[in-house]
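See below for the structure under consideration.
The values are calculated or read from the model by the stated rules, or taken from the named source; none is laboratory data. This one's a predicted model, so the numbers in the text were calculated from it and none came from an experiment. In this analysis, Cβ positions are derived from the backbone assuming ideal geometry, glycine residues included, and neighbour counts consider all displayed protein chains.
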Amino acid sequence: MNPLHHSPHSLRGPTGFAPTALIAVIALALAACSTPPRTKPATVTDRSAPVASAPAQEPVPPGFYRVKRGDTLIRIALDNGQSYRDIAAWNNLSDPNLIEVDQVLRVRPPPGAARVATRPIEPVKPADSKAPPDKKVAAKKADEKEVAVAEPKVDAVDPPIKLSWPAKGKVVEEFNEAKNKGIDIAGKLGEPIQSAADGKVVYAGNSLRGYGNLVIVKHDNTYLTAYAHNRTLLVKEGENVRKGQRIAEMGDSDANMVKLHFEVRMNGKPVNPMQYLQ
């Protein structure tokens, strides 16, 4: 037999499979090895401790206020109809600029605190010099008794205040509790701004955003008035002023025009000045 001549059976391997079939089987085996086995997805368990909700804050009692973010003592004082210096004193604040969020402040006078008189106190009339000594003493005691009885109590209700116009000019924006907490009176730069009633200056400065150069006058324990956007302030904190006294000059500080923004606050709440202006 010719050694170069092979029969078809000579191409089979010892197991009887053709080489092509053997290659196919090997390829399938390799493919099976390369495919990762299917497993169930791992379950993620959150073992972190639950976040405890913040405890609800207790309501503050009447006459107190809880400081909120963005508050200043001057703003708190204006909204409660008080002097910021009084609030600082009632709460033993050495620096009025240092208050903390959630701090509870007293914003109403403590028992026994002195009131602010609406009108100057009339001096006691001296006893008649011609009267006998015993009658002089009796007259003096009667006067003292009358003054003591007339002294207002801390919880007394102040009568509605009567105000004079703080400036001459046209009202260009009326009171709106949501948009404008007072009235705006247009005028010329440097025109006089006058106190609308007797009282005490409890603030004179420009630390209250949106008001510019501002004067606040406290008239009694119920009413105060505010005069904003001035060019120049002519009074200082703690100064007593009379009705009609010049306290500032009209300007446009922190405003888009020359005007006076005039507010009346009753227990800190803005009220329409028109009902108090004569």
Check: Only one of (1) surrounded by 18 or more Cβ atoms within 10 Å (Cβ to Cβ); (2) under 25 Å from Asn256 (Cβ atoms) is not met by Tyr223, so which one is it?
Finding: (2)
Check: Out of the range 175-186, which residues are touching a strand residue (DSSP E or B) at 6+ places or on another chain (Cβ under 8 Å) and exposed (fewer than 13 other Cβ atoms within 10 Å of the Cβ)?
Finding: Glu177
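Could you grab me the full set of residues in the range 78-101 that are of a type in the set (Ser, Thr, Tyr) and in a loop (DSSP other than H, G, I, E, B)?
Initial filter on the range 78-101 (of a type in the set (Ser, Thr, Tyr)): 83-84, 94.
Across the range 78-101, the qualifying residues are Ser83, Ser94.
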Item checked: Selection count, the range 203-223, where residues are in a strand (DSSP E or B), more than 18 Å from the chain's Cα centre (by Cα) and either in contact (Cβ under 8 Å) with a residue 40 or more places away in the chain or farther than 23 Å from Gln275 by Cβ (or both) -> 4
Item checked: Verdict on Asp198 being outside the structural domain of Thr72 (by TED's automatic domain parsing), at pLDDT below 95, surrounded by 15 or more Cβ atoms within 10 Å (Cβ to Cβ) and under 23 Å from Pro270 (Cα atoms) -> no
Next item on the list: Kindly provide the set of residues from the range 233-259 that are farther than 20 Å from Lys200 by Cβ and either small (Gly, Ala, Ser) or over 22 Å from the mean Cα position of the chain (by Cα) (or both), ordered by number.
Entry: Glu249, Met250, Gly251, Asp252, Ser253, Ala255, Asn256, Met257, Val258, Lys259
Next item on the list: Consider only pairs whose beta carbons are under 6 Å apart and that are at least six residues apart or on different chains; among these, list those whose first residue lies in the range 68-93 and is more than 19 Å from Tyr211 (Cβ to Cβ) and whose second residue is basic (Lys, Arg).
Entry: Trp90/Arg106; Asn91/Arg106
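Hey, does the range 266-275 have a residue that's among the hydrophobic types (A, V, I, L, M, F, W, C), within 13 Å of Gly190 (Cβ to Cβ) and modelled with pLDDT of 95 or more? Talk me through it step by step, then tell me what you get.
Of all residues in the range 266-275, those among the hydrophobic types (A, V, I, L, M, F, W, C) come to 266, 271, 274.
Now drop any that are not within 13 Å of Gly190 (Cβ to Cβ), which leaves none.
No, every residue in the range 266-275 fails to be among the hydrophobic types (A, V, I, L, M, F, W, C), within 13 Å of Gly190 (Cβ to Cβ) and modelled with pLDDT of 95 or more.
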